[in-house]
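Colleague: This is the structure, below, for whatever I ask next.
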Amino acid sequence: VVQVSISRPHTFSLSGISMRGQSLGLQLKCGHTSRSLLVREVLDDGAIPEWNQDAPCEREVLANDHIVSVNGTSGDTSVMRELLASGSTLDLGFSRPRSLCM
């Protein structure tokens, strides 16, 4: 007997993330056919670690989250990476398999 459990992902967005000349503070990975960017690691310094310091737990960016949109662009990870590299202010959409907030 095989049991399968399906649940909707936890999604959230961050608007107006200001880069102010700093890095995003994430180590990202994406495959050739990926439609999202996988957060492999949240680093110690950068815009996202700074955001995480005061973020409510359900909107804190964690390792294994997926960036599913950047400034309204989704599905094309090449364009999304370019927007991350060139943007001074970012609107980001995230997805994770389930909420880890207790």
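Colleague: How many residues does region 16-46 contain that are on the phi < 0 side of the Ramachandran plot and either β-branched (Val, Ile, Thr) or assigned to a loop (DSSP other than H, G, I, E, B) (or both)?
Modeller: 17
Colleague: Looking only at region 74-94, count how many residues are closer than 13 Å to LEU24 by Cβ, part of a helix (DSSP H, G or I) and touching a residue at least 40 places away in the same chain (Cβ under 8 Å).
Modeller: Number satisfying all stated conditions: 3.
Colleague: Please go through region 53-76 and give me each residue that is closer than 15 Å to LEU90 by Cα, in contact with a strand residue (DSSP E or B) (Cβ under 7 Å, 6 or more places away or on another chain) and not small (Gly, Ala, Ser), ordered by number.
Modeller: VAL61, ILE67, VAL68, VAL70, ASN71
Colleague: Identify, from the list VAL61, VAL70, the residue that is closer than 25 Å to ASP44 by Cβ, of a type in the set (A, V, I, L, M, F, W, C), touching a Phe, Trp or Tyr at 6+ places or on another chain (Cβ under 9 Å) and open to solvent by less than 40 Å² (accessible area, probe 1.4 Å).
Modeller: VAL61
Colleague: So which residues in region 16-48 are open to solvent by 90 Å² or more (accessible area, probe 1.4 Å) and either under 12 Å from the mean Cα position of the chain (by Cα) or among the charged types (D, E, K, R) (or both)?
Modeller: Residues satisfying the conditions are ARG20, LYS29, ARG35, ARG40, ASP44, ASP45.
The values are calculated or read from the model by the stated rules, or taken from the named source; none is laboratory data. The model shown is predicted, which means the values in this text are computed figures rather than measured ones. With ideal geometry, Cβ positions are generated from the backbone for all residues, glycine too; neighbour counts draw on all protein chains shown. Side chains are part of the model used for accessible areas, which takes the heavy atoms of the whole protein and leaves out ligands, DNA and RNA. Shrake-Rupley method; radii C 1.70, N 1.55, O 1.52, S 1.80 Å.
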